[in-house]
Structure formats: C-alpha cells, structure tokens
Amino acid sequence: MEKQKQIDILAKLISIKSVNDNESEVADYIESLFAPYQDQGVQIDRVQYAPGRDNLVVTIGSGDQILGFSGHEDVVSAGDESDWQTDPFQATIKDGNLYGRGASDMKSGLAALIISMLEMLEDNSVPGKIRLLCTVGEETGEYGAAQLTKEGYADGLAGLIIAEPGNDMTEIGYTSKGVIDYIVTSVGKQAHSSQPEKGINAIDHLIDFATQVKPLIAQFDQENPILGKLTHVQSVFQGGSQINSVPDKAIIKGNIRTIPEYPNKVVFAALNDLVEKLNQKDGYDLSIRYSFPEEAMPGDKNAPLIKLMEKVHGEIFKDRSVKAIGQSGASDGSEFLHGKGDFAIAEIGPGNNTQHQTDEFVNVETFYKSIEFYKQVAKEFFAK
C-alpha cells in the first residue's frame, strides 16, 4: 500500500467525530476497508453496544492459534477548538507530524493495525489467524471491551497487542494499574439554617465518610515493584442548594488506582463496610456505587510475546530502543484479560504523550514504521 493511502486511512479515522460516542461511523469505515477481501475468508462481526455505538471484530487468516490486535474507536473531547493550531478533526501534517484529535490516542495505532492486516491480505501473506477487536467506550470505562469479552471474542487468544500510545514506539506496556471510581451519596433532611435541629445535614455525614476513608485506603500499603503503590484521590464534592438551608443531599466521588496485590473486590469490601458502619449511626443514610471498575492488569515482562516484540523492534526501529514498562492508566486490556485462556497482553502504538491534549499529534515516520512492526510481529509470532 502506498504511504499516501496509509495517511488517507488515518486521516479519515480522525475526521470521524467519535467523541465518547458515534463509534458506529468508525466501524462503518473499517468494515468498508475489509469488505473487498471477504472472498479470502475475512469474517466481519458487528457487536452493538447502543444505537450509534458498534464494536467491530475482523478476523483474517486461519489456524489453531489466534493473535489478537485491538484498538478503540472513541476519542476524548477536543475541548475549546479555538485553542488548536489546526482543526482537530482534519488531519494536518506539519514538520513531520500529523495533528488531530486521536492522532496519538489512538487512531494512529488503530489505523496501523488495520493497514498491516490489509497489506497482508493484499499480497496473500497472512501468516495465521489474526483477530482485530475495535471497541467503543474505552475512554469512559472500557465497556466495549467488556462486552466483547463477555460475548467470547477474547476467548482462545494466544496473545493480544493493543495499540495504545507507546511513547513513539519506545515502550511496551505489559502491566497496569486498575481503576475504582466510587460515588457516595448522603441523604439528609432539609431545614432552615436557623433551626438546624429540625434537619439532617447530609454534608456533615459525608464529611465523616471523607475523613475516615483516607486512613482506611492508606492501609493498603503494599508496593508493587513495577507499578508502585495503590493511590486514592477524592476528586469531587457536591452538596447543598443555598447558604441558609440545611443540605439534604451531598455527593463525593473518588478515584482509586489499584495494583495486582489488592484485587478490586478487597477494596470494595472495605468501602462497603465503612458505609455500613456509618449507617448504623442515627440519621445517617449513605449509599455507594461504582462506575466501570477495572482490575489491575498483571503481566510478565519475560513473556514470549514481550520478548518477541523486543526482538522485532530492534529489526524495525534501528534508531531507538524499547523497554517493557508498567503503566498507571487503565486500558481495554483490563477487560480482555478475563477472556478464556492464558495469554500475554502487550500495549504499544505509534502515539506519544500528547494524548488528550490540545494539538495532539503523531510522528508520521513512526506511524509508517509501526505498520511494518505489527506485520513483522505477526509473521514471527506464527513462525515460532
């Protein structure tokens, strides 16, 4: 495939405004790229999460082993578009970089996976069975990956490569922290502030939770040698309606980044017990819920897939080295790891540290080389 066509595919993906929604248009485009090869046994499955939000699974080749490729179709908001030097939804090349929302996270990675598969089909060089998992909602909770995993699309994988930004293809993520977003609601009783004894102050009760949860979570003090410690941030506090009324409702939201030493269920139990303990006090009415929690992703930097990718990296990227690292952020890997079977998950893509930022970009030459990287990894994966 000519390099201009490769850029055109990436540019088209960037032009689709899949901002936490509208992934079906991305799926439509990807499906159109693979449809001409269905006479070569290409299998295309659409898995709807919600109207306008379709996951897409494309399987090429054959064999007993399955190598998984994965990328998400959604992007975060561009924010105030006037702050951008270029239109965030029109790919623009300047000084060797291609700018646009999703250029780094992660439409460049998704495009590189797609192009690598298309080129294998073009020259009849598909080395084995490869399954591309294109997901919705990664930026807001990995629920597309959760759906595909539940429906069995991750079962039987022999390895999975997720094209998340890899600092210009210099880092392979093999383990990552999990996520627990909790929301605690305190319900009280409204009254005039001049007669507080007639009301129940929801904020006071929520402050009790906020004060006690910090030392509680601090007790999870083991340190992972790669990922470090579990972290906890109280990030949102809302309550009350006006200054001369006793507040009848208050909400606190917190974010916990977990490590493999503390499975999410252990943290859930501690939080639930605290809420139950506080509710035993007179007038307390607290409830807790969790928003798309993700388990920490354990991994082994000496796994055969990681070692293979390091080897291939040296063959393709002769001007830079690569290292296997742990990552503090969660990804679709936290869901796919629940697929049936024992397989390594590796995250590496052409994107860089401009993800989620104004003037997000990908280096064009790195993008080109990432395509060759994925192709060579697939070739050597099935040759071993």
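Just wondering, is there one or more residues in region 317-336 that are closer than 20 Å to I226 by Cα, among the hydroxyl-bearing types (S, T, Y) and over 20 Å from the mean Cα position of the chain (by Cα)? Checked region 317-336: at least one residue is closer than 20 Å to I226 by Cα, among the hydroxyl-bearing types (S, T, Y) and over 20 Å from the mean Cα position of the chain (by Cα). For region 337-366, residues that are within 20 Å of the chain's Cα centre (by Cα) and farther than 26 Å from F292 by Cα total 5. For I115, the conditions (1) in a loop (DSSP other than H, G, I, E, B); (2) among the β-branched types (V, I, T); (3) modelled with pLDDT of 95 or more are fulfilled apart from (1). Applying a threshold of 7 Å to beta carbon distances and a minimum spacing of six or more residues, or different chains, the list of pairs starting in region 92-112 at a residue that is farther than 18 Å from N20 by Cβ and open to solvent by less than 10 Å² (accessible area, probe 1.4 Å) and ending at one that is in a helix (DSSP H, G or I) and not hydrophobic (A, V, I, L, M, F, W, C) reads A112/S370; A112/Y374.
Listed residues T175, T140, T149; which is in a strand (DSSP E or B) and not acidic (D, E)?
Answer to the selection: T175.
Taking the criterion of being within 27 Å of Q355 (Cβ to Cβ), open to solvent by 10 Å² or more (accessible area, probe 1.4 Å) and either among the acidic types (D, E) or not in a helix (DSSP H, G or I) (or both), the residues of region 1-24 that qualify are M1, D8, K17, V19, N20, D21, N22. Scanning region 186-219 for residues that are outside any helix (DSSP H, G or I) and under 20 Å from I243 (Cα atoms) yields a count of 13. Restricting attention to region 204-250, which residues are open to solvent by less than 90 Å² (accessible area, probe 1.4 Å) and under 24 Å from the mean Cα position of the chain (by Cα)? The answer is N224, I226, L227, G228, L230, T231, H232, V233, Q234, S235, V236.
Looking only at region 25-60, filter to residues that are surrounded by fewer than 22 Cβ atoms within 10 Å (Cβ to Cβ) and small (G, A, S); which one of those is modelled with the lowest pLDDT? Per the stated criteria, the residue is G41. Note on region 276-384: enclosed strands (runs of 3 or more DSSP E) holding 3 or more residues that are in contact with a Leu (Cβ under 7 Å, 6 or more places away or on another chain) and modelled with pLDDT of 95 or more are 344-347.
Of the residues examined, I183 is one that is surrounded by fewer than 16 Cβ atoms within 10 Å (Cβ to Cβ), within 21 Å of the chain's Cα centre (by Cα) and assigned to a strand (DSSP E or B). Only one entry in G159, G152 is at pLDDT 95 or above and open to solvent by less than 10 Å² (accessible area, probe 1.4 Å), namely G159.
The values are calculated or read from the model by the stated rules, or taken from the named source; none is laboratory data. As the structure is a prediction and not an experimental result, all values here were calculated from the model. Counting neighbours? That spans all protein chains shown, and the Cβs are built from the backbone with ideal geometry, glycine included. The area values use the complete protein model at the heavy-atom level, side chains included, leaving out ligands, DNA and RNA. Shrake-Rupley method; radii C 1.70, N 1.55, O 1.52, S 1.80 Å.
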